[in-house]
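Read the structure below first, then the notes.
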C-alpha cells in the first residue's frame, strides 16, 4: 500500500535498539520494582505490553500482507472467552455459567494450556474463514473481516450458555503478570521477525507490494497471506487471553469497535509495516490514553460511577489519528525497519 | 391470518425496512462511486439528525420546520466532514481513507456520548402521532409509518433519478463515478460534484434517521451503527458504487431480513443479524461486484 | 499560444520533468516524442491540470494556468484525449460525445460540432447508440478524440493516439488529426510512434528522461541521424 524503501540506515538499526531497550527496560523495571512498584503504573505497563502483542500481530496481517483486517478483535474475543471459560474454577463456573455442557463444566485447566487451546481455536477459525477471504482484495477483505467481527459479537451476546451474553463475564483468575506479558512479547517479536525474514516472509512482502507481479514470479499469494493471517489470529488470541486474565472481567463490548479502533490507531501511529513502529505505537498510544483517561477521571456523577466510556480519550485519539493520517501518513517510523537491504538482495534469484 | 395475509404483511414490512436501508445505502454508494471512500460516519448522520430534532422540538416550533432544519443541519455536517477530514486524504490508499472515516465516526459518536448521555431518549414526542396509527385490512395491519416510509422513499428515488439524468450536475456525478480522469478532462467541476454527493447522501441519511427513529421510538448516540452496517451489506449485495445496485441490494436485504425472522426457529432469531453478515461474506466471495456489478476480475 | 517554461513535475520523490520548456504557436501541430517513461504523458497531464508542477510556468494565451483546476483549464479551451482513452465505457457513444460538451450551453453550436466529429469519424455516427465499451480499440480512440473536440477547444492535446492500434487505423486517425489542424486548430501531439508523428507535425521536441534534448522542425528531426537511430528504427 505504500512505497517500500528498504533501509539499512543507521536510523533503522538504532530504532530497533531503542525498541529492544524499551522492552528490556520494562522487564528490568518490572523485576526491580516488583512488589514495590506502584500498582497503577504496573497496570499501565502490563496493558502496554499486551497492546504491543496485539499491534505486532495485527501488523503481521495488515502491515506485511496488505490484508487489512478490521476484524482481528474478534480473534481477541475468542482468545479471551475460550481461555477464561477453561480456567474458571469449578465453583465460579457453577455460579456464573450454570448451563455449561457437562464436559466443559467439570474442566478447569492451567493458564498456559488454556491460552494455547484458545489461540489454536482462533487460528483454526482464521484458517477456515481465511481460505475464502484471502482471495478478496482491498476494500472487500476489510469489509468481510468487519462482518466477521460483527458475527463474533452477535454470537457472544446471544450464546449466553457459554458467555453470559451481554452481561459482564467475571471471576476470571488473575494469572497474567509482567512475566507472562514479557514472555509473550518476546515470543511474538520472534515469530513475526522469523516469518518476515523467511521465504514466506519475502513472499509476503512481494505480495503486499504488487500482487500481480507476485503471481508472475510464482509466489503463492494465497498461501502466504493465509499463513500470516492465521499466525496473527493466533497471537491476537493470546493477547486477548492475557488481557482477560489481567482484567478478570470483561464483556462483549470490550471486544468491539472501541478496541478495534484503539489497536488500529496504535498501528497507524507507529507505522504500518514496521516492527519497531508497532512497539512504539503501542507504547505511545497506551500512555496517551492513560493520560487522557486520568483527565476524564474528574467526571463522577455523585455516587454513580460511569462505566468506561472513553469519551474524551476517544475524541482526542480520533483527532490525533486524522491529523497523523493527513500530515504524517506513514506513521512515526513508516516502513523503516531493521536492515532490510540484506533481505531484499536475497529476494533476487541468482541466475 | 391466512398465509396470503401473512405474506402481504411481511412484504410491506420488508419494503419499509428495505426503503430505509436504501436511503442510507444510496449515500454510501454515491460517495464510494466517486471517491472510493467507505464513509463509516454515514450512519452517524442519521443519529445527528434525530438529536438535532430532539433539541429543536423543545423550542416549540412545529414538526415540519424541525424536520427541515434537522435535515439541513445534517447536510451541512456531511459537507463539513468532506472538507475537513476527507479532502486532505483524497487520493490516499484505500485503507487510509477507510481508517479516516472510522476515526470521524468514532469522533462524532463520542462527542455525542460525552455531551449527552449514552442513555436512549424517546423519540415518540417528536414524531407526529398519526404515524403510529395502524390501518387494519382484514388481518393485515399496515401502520402509517410503513406507508410513509415507502412513499417518501419512492418520491426521493424519482427526484434523484431525475436529478442524475436530467441535470448537468447530476450527469456530471454519473460521469465522475464512471471515470474520474475522464470527468476531469471534460471539464467537470470535481469538487462541486463531490460536495453534491455528500450533501445528497447526508440529507438522505438524515431522513432515514427520522424514519428509523420513528419505528424504534427512541434514539441513542450509537443508533446509526447497525443501519450503517446493513446499508453496507445492501450496497455490496447490489454492487458497490452503483446507485441502482444499492437500492436493489437494500430491498433484497430488507426482504431477506424480514423473512429470515419469520422462518428462523425462535431460538435462533436473535442471531438474525449474524446471518445477515454471513450473507455479506457469501456475496463477497461468490460475486464481489454484487448483483449489478460486472464479473470482471482484475486483468493482468 | 502555449508557453511552458522550466517546468518541474514530480511524483512523490521521483522527478518526472526536470525543467522543460516548450512552445506551441496558434495553428501549429507540434509533436512531443520520446521513449517510454520519458515524461511525455506527465507533461500533458500537467497542462490539463491533473498534476501540479513544483516549479516553472505554463502560460496559455497570456495567463499562467499551472495552478488552475482541470475544469478551469477546459473552460479556457484546452482539451485532451488522454493516454488509454478513458472513455465512459458504460455509456453510449452519443452520451460520451455530449459529455464532451458538458461545459457548453450553445446547443446549436454543439450540434454543429457533433456533425463535424461525424465527418472526421463517420463510424461514430454509425455506432451512435452503441455502448462505448463494446467499440473496438480504434473506434474508442476516435471517440476519445471526438469527445475532446466537443468542447470546441482552441488547443487540442493528444496523448498517444496510436497506442495499440493497427497501422491502417493509425493512418486514418492521423489523417483526421491533420484535418483538424487544417481547419485552423492547434494540436500538441504526444507520440511514441515518432515516424507517424513527424509526418504530420510542423515542429517537434524530443523528450528523454524528463529533459528536452532536441527541438527542431519536423523536417529536421526526420533527417536527424540520431533521432533516426533512436526513435525511427533507422
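Applying the set (1) under 24 Å from residue A:132 (Cβ atoms); (2) modelled with pLDDT of 90 or more; (3) surrounded by 24 or more Cβ atoms within 10 Å (Cβ to Cβ) to residue A:241 leaves exactly one unmet item: (1). Taking the condition away from chain B (no Cβ under 14 Å), surrounded by 21 or more Cβ atoms within 10 Å (Cβ to Cβ), in a helix (DSSP H, G or I) and out of contact with any strand residue (DSSP E or B) (no Cβ under 9 Å at 6 or more places or on another chain), does residue A:277 pass? Spelling it out, residue A:277 is indeed away from chain B (no Cβ under 14 Å), surrounded by 21 or more Cβ atoms within 10 Å (Cβ to Cβ), in a helix (DSSP H, G or I) and out of contact with any strand residue (DSSP E or B) (no Cβ under 9 Å at 6 or more places or on another chain).
Of the candidates A:68, A:64, A:148, the single residue that is touching a residue at least 24 places away in the same chain (Cβ under 8 Å) and in a loop (DSSP other than H, G, I, E, B) is A:68.
From the set of residues in segment B:276-300 that are surrounded by 18 or more Cβ atoms within 10 Å (Cβ to Cβ) and either modelled with pLDDT of 80 or more or at the interface with another protein chain (Cβ under 9 Å from one of its Cβ atoms) (or both), which is nearest to residue B:3 (Cα to Cα)?
Filtering first and then ranking leaves B:276.
What do you reckon, is residue B:284 in a helix (DSSP H, G or I) and in contact (Cβ under 8 Å) with a residue 24 or more places away in the chain? So residue B:284 passes the test.
No other residue among A:64, A:111 is modelled with pLDDT under 85 and either crowded, with 17+ Cβ neighbours inside 10 Å or within 30 Å of residue A:225 (Cα to Cα) (or both) apart from A:64. A single entry from B:225, B:232, B:198 fulfils the requirement of being under 22 Å from residue A:158 (Cβ atoms) and either within 14 Å of chain C (Cβ to nearest Cβ) or surrounded by 24 or more Cβ atoms within 10 Å (Cβ to Cβ) (or both): B:232. Total residues in segment A:130-145 satisfying the condition of being at the interface with chain B (Cβ under 8 Å from one of its Cβ atoms) and under 28 Å from residue A:84 (Cα atoms): the figure is 1.
Among residues that are farther than 20 Å from residue B:41 by Cα and in contact with a helix residue (DSSP H, G or I) (Cβ under 7 Å, 6 or more places away or on another chain), residue B:252 is included.
Of the conditions (1) buried (at least 18 other Cβ atoms within 10 Å of the Cβ); (2) more than 7 Å from chain B (Cβ to nearest Cβ); (3) in contact (Cβ under 8 Å) with a residue 24 or more places away in the chain; (4) not in a loop (DSSP other than H, G, I, E, B), residue A:176 clears all except one; give me its number. Looking at each condition in turn, residue A:176 falls short on (4).
Segment C:37-147 holds helices (runs of 4 or more DSSP H) entirely within its bounds, and those carrying 2 or more residues that are away from every other protein chain (no Cβ under 12 Å), closer than 21 Å to residue C:180 by Cβ and at pLDDT 90 or above map to C:40-47, C:93-100, C:107-120, C:122-126. Among residues of segment A:154-165 that are more than 10 Å from every other protein chain (Cβ to nearest Cβ), those with a Cβ under 6 angstrom from a residue that is exposed (fewer than 15 other Cβ atoms within 10 Å of the Cβ) and in a loop (DSSP other than H, G, I, E, B), sequence gap 6+ or separate chain, pair up as A:161/A:99. Could you list, in sequence order, the residues of segment B:111-149 that are under 21 Å from the mean Cα position of the chain (by Cα) and within 14 Å of another protein chain (Cβ to nearest Cβ)? Correct list: B:112 only. Somewhere in segment C:197-209, is a residue crowded, with 19+ Cβ neighbours inside 10 Å, without any contact (Cβ under 8 Å) to a residue 40 or more places away in the chain, in contact with a helix residue (DSSP H, G or I) (Cβ under 9 Å, 6 or more places away or on another chain) and over 23 Å from residue C:37 (Cβ atoms)? So far as segment C:197-209 goes, no, none of its residues is crowded, with 19+ Cβ neighbours inside 10 Å, without any contact (Cβ under 8 Å) to a residue 40 or more places away in the chain, in contact with a helix residue (DSSP H, G or I) (Cβ under 9 Å, 6 or more places away or on another chain) and over 23 Å from residue C:37 (Cβ atoms).
Would you check which residues across segment B:82-94 are crowded, with 21+ Cβ neighbours inside 10 Å, within 11 Å of chain A (Cβ to nearest Cβ) and either over 22 Å from residue B:203 (Cβ atoms) or in contact with a helix residue (DSSP H, G or I) (Cβ under 6 Å, 6 or more places away or on another chain) (or both) and list them?
B:85
Residues that are surrounded by fewer than 18 Cβ atoms within 10 Å (Cβ to Cβ), away from chain C (no Cβ under 14 Å) and not in a loop (DSSP other than H, G, I, E, B) do occur in segment B:163-181, at least one of them.
Among what's in segment B:251-268 and is within 14 Å of chain A (Cβ to nearest Cβ) and over 20 Å from residue B:20 (Cβ atoms), pick the residue that is surrounded by the most Cβ atoms within 10 Å (Cβ to Cβ). Filtering segment B:251-268 for residues that are within 14 Å of chain A (Cβ to nearest Cβ) and over 20 Å from residue B:20 (Cβ atoms), the one surrounded by the most Cβ atoms within 10 Å (Cβ to Cβ) comes out as B:264. Is it the case that segment B:65-84 has a residue that's free of Cβ contacts under 8 Å to residues at least 24 places away in the same chain and part of a loop (DSSP other than H, G, I, E, B)? Checked segment B:65-84: no residue is free of Cβ contacts under 8 Å to residues at least 24 places away in the same chain and part of a loop (DSSP other than H, G, I, E, B).
The values are calculated or read from the model by the stated rules, or taken from the named source; none is laboratory data. Just so you know, these numbers come straight off a predicted model, no measurement behind them. Quick reminder, even Gly has a Cβ in these numbers, built from the backbone with ideal geometry, and neighbours come from all protein chains shown.
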